[in-house]
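**Student:** Please find one structure pasted underneath; my questions will follow.
The values are calculated or read from the model by the stated rules, or taken from the named source; none is laboratory data. Quantities reported herein were computed from a predicted structural model and do not represent experimental measurements. Neighbour counts are summed over all protein chains in view; Cβ atoms, including those assigned to glycine, are modelled from backbone coordinates with ideal geometry.
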Amino acid sequence: MSKDEVGVVVIGLGFVGGRAHAPSFARIEGSNVVAVSDIVPEAADRLVKKYECKYYRDYKEALDDPDIDAAVVSTPTPYHYEIASEALSRGKHVLCEMPLTSSIELSERLAKEADESGLILLPVLNFRFTPNYVKAKEILREGALGTPMAFTFREHIPAKELAMQWPLSSWAWDAKKSGGLPDYTLSVWSIDLLRWLFETEIESVRWQSSYNELQGVDNFKGYQTVGVVKLENGAVGTLQYGATVGEGLGTSRLEVYGSNTKTLEAIWNNSVKIMETSESIDEWTFAEKGPRVWGHRQTDEYFVECILDEIAPSFGPKDAIIAQRVSRNIVK
């Protein structure tokens, strides 16, 4: 493109849109937050004042703005297809939160629309940019574990915390609107992480889920969901997603077991260890802050880079759809 700056509208100003994407695009060289859009005006007030940008209650009006080159879709999943499709039809590049849409069919349709338009449709697969996962991939590529033989990924969210965000009455518990339940919605990033980290495809996965009401947690069901996975490179492992633990007990943990008896451990987003024995441990720590901790800022930077340099992204809708295909049987 001939412009040296990408004008952005952030559509959907919840936590991810308002606290991750909007601040990122406001600071990224070569981008400018032209406008924000949300059906709740109060959600936009702070951002309009801080970034001196426009506010549109109706996102379609924002897409008519000639100063806007790209749309960030950070609304709840049920609205992704409608908004992203409209943005593409108006000649805007799109950065879309995950899951890409509420169904594989709609995601495939959206991918086709993007391909035909010649515009960029980039799913927010931000684990590919999370600092400790980037280091973990570097370690695996160097052969520090020999051949990766097995892995585990566990993500536990405190029940009361998730109940506040997604009570039973919310879209996240309506499979027709969201494509699945909360475990499905939250699984897609780690599924993509496996493919990217090990540079291979997922050969098979078998899911088992348990949902129960929890004592002391109203309007919510706790869940524990486990997937037994085999990769095409021969590695096997498990994915576990839970929302039954108490306050302060949330965790995100990746472990990889190598053929040379070494184990890699990545905890949250700020630590990676290689353990040979209980006393022989190499550790790397990361002190990123704000939108960088889980890779949102880096994803947004990459989106801007691809637009300005007119290069095709190294990942896209196909990867988002694969993640949806792998996770869809959680619903069943």
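The rows are residues; the columns are (1) β-branched (Val, Ile, Thr); (2) in a loop (DSSP other than H, G, I, E, B); (3) at positive phi.
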residue	(1), (2), (3)
SER169	no, yes, no
ALA172	no, no, no
LEU186	no, no, no
LEU194	no, no, no
TRP207	no, no, no
ASN212	no, no, no
ASN219	no, no, yes
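**Student:** Further question on the same structure: Filter the range 61-76 down to the residues that are farther than 18 Å from GLU113 by Cα and under 25 Å from the mean Cα position of the chain (by Cα) and list them by number.
**Tutor:** Within the range 61-76, ALA62, ILE68, SER74, THR75, PRO76 qualify.
**Student:** On to the next question. List the pairs whose first member sits in the range 298-314 and is over 14 Å from LEU121 (Cβ atoms), whose second member is of a type in the set (Ser, Thr, Tyr), and whose Cβ atoms are under 7 Å apart, counting only residues at least 6 apart or on separate chains?
**Tutor:** ASP300/SER24; VAL304/SER31
The rows are residues; the columns are (1) buried (at least 17 other Cβ atoms within 10 Å of the Cβ); (2) assigned to a helix (DSSP H, G or I).
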{"residue": "LEU254", "(1), (2)": "yes, no"}
{"residue": "ILE311", "(1), (2)": "no, no"}
{"residue": "LYS318", "(1), (2)": "no, yes"}
{"residue": "SER327", "(1), (2)": "yes, yes"}
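**Student:** Using the structure shown, decide if GLU203 is outside the structural domain of PRO76 (by TED's automatic domain parsing), assigned to a helix (DSSP H, G or I), of a type in the set (Asp, Glu) and surrounded by 13 or more Cβ atoms within 10 Å (Cβ to Cβ).
**Tutor:** Numbers: outside the structural domain of PRO76 (by TED's automatic domain parsing): yes; assigned to a helix (DSSP H, G or I): no; of a type in the set (Asp, Glu): yes; surrounded by 13 or more Cβ atoms within 10 Å (Cβ to Cβ): yes.
Answer is no for this residue.
**Student:** So for the range 235-250 (the condition being more than 29 Å from ARG19 (Cα to Cα) and part of a loop (DSSP other than H, G, I, E, B)), does at least one residue qualify?
**Tutor:** Yes, some residue in the range 235-250 is more than 29 Å from ARG19 (Cα to Cα) and part of a loop (DSSP other than H, G, I, E, B).
**Student:** Which residues, taken from the range 278-309, are more than 14 Å from PRO23 (Cβ to Cβ), surrounded by 14 or more Cβ atoms within 10 Å (Cβ to Cβ) and of a type in the set (D, E, K, R)?
**Tutor:** GLU305 - this is the single residue of the range 278-309 that is more than 14 Å from PRO23 (Cβ to Cβ), surrounded by 14 or more Cβ atoms within 10 Å (Cβ to Cβ) and of a type in the set (D, E, K, R).
**Student:** Then there is this: Determine which member of the set TYR302, TYR257 is over 21 Å from ALA159 (Cα atoms) and assigned by TED's automatic domain parsing to the domain that holds ALA20.
**Tutor:** TYR302
**Student:** Here is a check on your reading of the model: is LYS332 at pLDDT below 95, out of contact with any helix residue (DSSP H, G or I) (no Cβ under 7 Å at 6 or more places or on another chain) and of a type outside the set (A, V, I, L, M)?
**Tutor:** Values: at pLDDT below 95: yes; out of contact with any helix residue (DSSP H, G or I) (no Cβ under 7 Å at 6 or more places or on another chain): yes; of a type outside the set (A, V, I, L, M): yes.
In short, yes.
A quick yes/no check of all residues on (1) more than 19 Å from CYS96 (Cα to Cα); (2) at pLDDT below 95; (3) outside any loop (DSSP other than H, G, I, E, B):
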| site | (1), (2), (3) |
| --- | --- |
| MET1 | yes, yes, no |
| ASP4 | yes, yes, no |
| GLY18 | no, no, yes |
| ASP45 | yes, no, yes |
| LYS50 | yes, no, yes |
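**Student:** In the set GLU113, GLU138, GLU108, which member is free of Cβ contacts under 8 Å to residues at least 24 places away in the same chain, assigned to a helix (DSSP H, G or I) and either at negative phi or not assigned by TED's automatic domain parsing to the domain that holds PRO76 (or both)?
**Tutor:** Selected residue: GLU138, the only one of GLU113, GLU138, GLU108 that is free of Cβ contacts under 8 Å to residues at least 24 places away in the same chain, assigned to a helix (DSSP H, G or I) and either at negative phi or not assigned by TED's automatic domain parsing to the domain that holds PRO76 (or both).
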